[in-house]
Amino acid sequence: MKRPVPLVLIALGSVLLFWNLGRPALWQDEAETALRAESILDTGLPRRTLRGVLVTTQHSLAAHEGNAEGIWTWNTWLPAYLVAASFAILGRTPFAARLPFALSGLLALWLAWRLFSDGEDDELALRRPWSAEAALAMLVLSPAFLLFCRQSRYYGLIPLGTVLVLHAWRRLLAKKPWGAWALALSLQFLLHASFAFFACACLALVLDAALRLDECPRAGRFWAAAVLTLALAAPAAWYFRIWDRLGNHAYGFAESLEFLKTSLLWLAAFAMPLALVVAVYIRRWILVLLGAVLLCGLVSEGPWSRLCAVAVWSSLLLAAAREPAPYGVMSLRRMCLLSVVATLAVLSFSAAEPYGRYLAGLLPVLAYLAARGFSGLARGSAPVVAGLVVLAAGGNLFFVGPLKAAQSLVSAEPAASVSGMMRQRLRDLPPRSDLRAFVEEIFRGPEGYIEAAAAVMKAGGGKDFFSDADDLSLIFAAGLRPLAPEEFKTREPDWLMPSPWIRLTPELDARVSALIASGRYEQVIVDAPRLLWQNNPDPLFRDFSPRRGPLPLFRRLSP
């Protein structure tokens, strides 16, 4: 009876990952990956420029994104090379740009199922019937996982890398052949996907090894894995100078704790149903009461809320340390908790902002932890487990309900920062079904405004344009040349498409306003979805049913 369940779930996952994958046009970050891939096809290496045009999403840091030879070194290259290979085979289309990452998501589902099953087989005393199937279902039905894997970005590689590392660690602990090589190569996959997540995985492994002090230091295979990992990673670390990334994290210790708090709230809203945690521990009322106090702290602002974030992180570390792990056997529960602890620690102190997409690697491990909770509540009953999965995946009440309850008990003034804005949006999340909205979106075709703008710009003629938020998307879709901010100050482009939400500097705002008011430009009426950055893949920002309206698109009149 169990055998068809994962096959059906993975088949469902493939439909949700690939249906209408070519729509809409690439958003800004996706277009950066695609344009790097084009530079690979042109020159063999990812370049800072493409046919003389600077390719960057952050003009203020563009000078630091490459080396003296013009090679792009801001991050590692695996995503760009995957897209280049896809372009070489399938042509230069949004579908081809996204295909490698959707395939990575599908492979992650299959390997996650194997990992969940093996994790239950390794349990000596606390096996939870149907938890592996429930974990796979939670991942297949996770809008966050599906959205991230449908992007032409590294996001889809991170869950796959996380699962590969856990498989390899289990193999190494069990003394299976080639365990050291499997672990070292799995870590290299993460390193070359995006090196911050290599650091997250390494920290999780080091923490587990530290909890196995009577096992790991005495076995040569662990030292072999460490030496291989360092030997393979050192050249990339040196070439990309990962310790010297100007502007990657320009905040102090207090703001890092705010990042930690934001990430915890994001996970509570989209990955871990807190109502389930309450139900699991309902008989231990002291723990439930303490958790409620900490949750009230998380949804508030100020020093107390930062202290609560540290307390939650510390409790996760303590819970991981208390999980038993026999010699030669990986405790998947412990490794899931340690992955959460390590990822939150690394990203809180290194990320530019606490965006939800950086947490994509935690979605498989949190699905497993949630599924074990479902199985425990259902006492192994398959229909009850299935019902709990449907309730959790079908709507977000299990997720945002506890947040709303805590919010009703405390007040919180929004902090004037990106992370503060994100926390306010998380507090404002209404009860809704992201899964239903996602399914409806992909079957009718995801919408965007870039394709409409690009069609008008190509039909209307002209050679260049200025856009403060969508320049890379328009390069890929329209093939016109963008004006860089400094260039825009002295030249008048053929097309203007300013963002109604984002501004680079007051000087550029004034320049755009002056040109529009000069009489030398006319607005081109284009009805299109009104979206932030084409449509941000983070479910916190995603607009599944956007309203329509005229684009802020202006054409320079002929002299």
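Couple of notes before you dig in:
- Given (1) in a helix (DSSP H, G or I); (2) crowded, with 18+ Cβ neighbours inside 10 Å, number of the condition GLY448 does not satisfy: (1)
- Region 401-435: number of residues that are closer than 19 Å to PRO539 by Cα, part of a loop (DSSP other than H, G, I, E, B) and of a type in the set (Ser, Thr, Tyr): 1
- Residue check for ARG128: touching a Lys or Arg at 6+ places or on another chain (Cβ under 7 Å), crowded, with 19+ Cβ neighbours inside 10 Å and part of a loop (DSSP other than H, G, I, E, B): yes
- Enumeration of residues in region 444-497 that are within 30 Å of the chain's Cα centre (by Cα) and basic (Lys, Arg): ARG444, ARG481
- In region 293-305, the residue that is farthest from LEU260 (Cα to Cα) out of those that are surrounded by fewer than 16 Cβ atoms within 10 Å (Cβ to Cβ) and of a type outside the set (Phe, Trp, Tyr) is VAL293.
- Where GLU38 falls short, out of the listed (1) free of Cβ contacts under 8 Å to residues at least 12 places away in the same chain; (2) touching a Lys or Arg at 6+ places or on another chain (Cβ under 8 Å): (1)
- Scanning region 343-376 for residues that are over 30 Å from ARG127 (Cα atoms) and in a helix (DSSP H, G or I) yields VAL346, LEU347, SER348, PHE349, SER350, GLY356, ARG357, TYR358.
- For region 513-534, the criterion of being on the phi > 0 side of the Ramachandran plot, of a type in the set (S, T, N, Q) and surrounded by 11 or more Cβ atoms within 10 Å (Cβ to Cβ) is met by at least one residue.
- Qualifying residue in region 243-254 (condition: part of a helix (DSSP H, G or I), touching a helix residue (DSSP H, G or I) at 6+ places or on another chain (Cβ under 7 Å) and at negative phi): yes
To keep it simple, each residue is scored yes or no on (1) touching a Gly at 6+ places or on another chain (Cβ under 6 Å); (2) modelled with pLDDT under 95; (3) closer than 22 Å to ARG333 by Cα.
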residue: LEU183; (1), (2), (3): no, no, yes
residue: PHE195; (1), (2), (3): no, yes, no
residue: ALA201; (1), (2), (3): no, no, yes
residue: LEU205; (1), (2), (3): no, no, yes
residue: ASP208; (1), (2), (3): no, no, yes
residue: LEU213; (1), (2), (3): no, yes, yes
residue: ARG218; (1), (2), (3): no, yes, no
residue: TRP243; (1), (2), (3): no, yes, no
residue: ALA250; (1), (2), (3): no, yes, no
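The values are calculated or read from the model by the stated rules, or taken from the named source; none is laboratory data. Computed from a predicted structure; not experimentally measured. Note: ideal-geometry Cβ built from the backbone for every residue, glycine included; neighbour counts use all protein chains shown.
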